[in-house]
């Protein structure tokens with residue numbers, strides 16, 4: 001049987017744990033100096049997210065326009081914060097503005113395309129056929145006939 005072990009003895013083997021390294025205390029701030037203000041990047045980030053969402057929402061026309069306008073407005077406000085040095089995400093704010101503009105343009109273009117298609121002779125025939133349809137099978141037949149007429 002062995003005697004009591006020394007609790008302060010190094011662990012067995014050649015490895016000795018390193019002592020923690022502590023640096024000198026931080027110097028106090030001079031009287032009257034303010035801490036640096038936190039950046040306020042929220043507007044630019046939200047503009048970017050809304051711009052990204054505006055692109056696929058352009059196929060709903062209204063959603064693309066609404067989200068695109070919101071992205072552009074928030075992107076402009078975010079860039080103003082960057083110019084006042086309140087934020088540092090100029091790229092996100094600018095990207096949000098550009099994507100918002102693309103969402104608006106895409107929604108308007110898709111709306112114009114829909115209006116053109118639905119006001120064509122094939123579109124008028126589709127609306128008349130759907131008005132007369134009394135069940136889903138007849139409505140599906142109207143859609144199939146529309147695709148044949150529209151494609152040629």
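Put in line by how crowded their Cβ is, counting other Cβ atoms within 10 Å and starting with the fewest, 142, 129 read 129, 142.
Could you state, as a whole-number percent, how many of the C-alpha pairs of the range 46-98 are farther apart than 12 Å? The calculated P(r) of the range 46-98 puts 55 percent of pairs beyond 12 Å.
Full extension of the chain between residue 113 and residue 145 yields a length gain of 9.6 nm, computed as 0.36 nm times the residue separation minus the alpha carbon distance. Summary of the geometry: the range 77-151 and the range 50-70, compared by the centres of their Cα atoms, lie 9 Å apart. From the largest down, the range 26-71 spans 58, 17, 6 angstrom on the principal axes of its Cα atoms. Pull out a ≥ b ≥ c, the square roots of the eigenvalues of the alpha-carbon gyration tensor of the range 72-122, then state rounded if a/c is under 1.5, prolate if not and a/b is larger than b/c, and oblate in the remaining case. Because a/c hits 1.5 or more and a/b exceeds b/c, the range 72-122 counts as prolate. For the chain, state what percent of all Cα-Cα pairs lands in each successive 5 Å bin, counting from 0 Å until the bin that includes the largest distance. Bins of 5 Å from zero give 2, 9, 10, 8, 7, 7, 7, 6, 6, 6, 5, 5, 4, 3, 3, 4, 4, 2, 2, 1, 0 percent of pairs. As a proxy for reagent exposure, 102, 50, 118 were ordered by neighbouring Cβ count within 10 angstrom, fewest first; the result is 118, 102, 50. Between 25, 136, 56, which gets the highest mean-square fluctuation from a Gaussian network model of the chain, Cα cutoff 10 Å? Largest GNM mean-square fluctuation: 25. So which residue, out of 43, 130, 67, gets the largest mean-square fluctuation from a GNM of the chain using Cα contacts under 10 Å as springs? Largest GNM mean-square fluctuation: 130. Note on 146, 110: ascending count of other Cβ atoms within 10 Å places them as 110, 146, the fewest first.
For the residues 135, 41, 119, a GNM of the chain with alpha-carbon springs under 10 Å puts the largest fluctuation on 135.
Computed from the coordinates by the stated procedures, all read-outs in this text should not be read as laboratory data. Treat the numbers as computed from the prediction; the structure is a model and nothing was measured. Heads up, the Cβs are rebuilt from the backbone with ideal geometry, glycines too, and the neighbour counts pull from every protein chain shown.
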